[in-house]
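The values are calculated or read from the model by the stated rules, or taken from the named source; none is laboratory data. Values in this document were obtained by computation on a predicted structure and should not be read as measured data. All Cβ positions, glycine included, derive from the backbone under ideal geometry; neighbour counts span all protein chains shown.
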Amino acid sequence: MKTTLAGLEKGQKAVIVEFNIDLIPLKLLEMGCLPGNMVELLQVAPFGDPIYINVNDSHVAIRLETATEIDVEIITD
């Protein structure tokens, strides 16, 4: 099922499918936020922004605005 990174629920895992490279900060790309890599939503801040994810065994907090630009495919067990 396709959605965006912002559409994940806590504990859900997904694979990054695509994104607009012009809208994603370079630091995220350097940390492994690339198509084909698995991400897991670890936590959401009290007001919903930022979100805390695990990508390539790195824990990263990203803005919800950025997360809506990253398309993912949810992994179903």
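Can you say whether Lys2 is surrounded by fewer than 17 Cβ atoms within 10 Å (Cβ to Cβ), charged (D, E, K, R) and either without any contact (Cβ under 8 Å) to a residue 60 or more places away in the chain or in contact with a Ser or Thr (Cβ under 8 Å, 6 or more places away or on another chain) (or both), as far as the supplied structure shows? So Lys2 does not fit the description; no. Note on region 48-70: residues that are closer than 19 Å to Lys2 by Cα and either in a strand (DSSP E or B) or touching a helix residue (DSSP H, G or I) at 6+ places or on another chain (Cβ under 6 Å) (or both) total 9.
Here is the figure for region 8-21: residues that are in contact with a helix residue (DSSP H, G or I) (Cβ under 9 Å, 6 or more places away or on another chain), in contact (Cβ under 8 Å) with a residue 24 or more places away in the chain and over 8 Å from Asp71 (Cβ atoms) total 2. Can you find a residue that is part of a strand (DSSP E or B), modelled with pLDDT under 90 and touching a strand residue (DSSP E or B) at 6+ places or on another chain (Cβ under 8 Å) anywhere in region 39-47? No, there is no match, as no residue in region 39-47 is part of a strand (DSSP E or B), modelled with pLDDT under 90 and touching a strand residue (DSSP E or B) at 6+ places or on another chain (Cβ under 8 Å).
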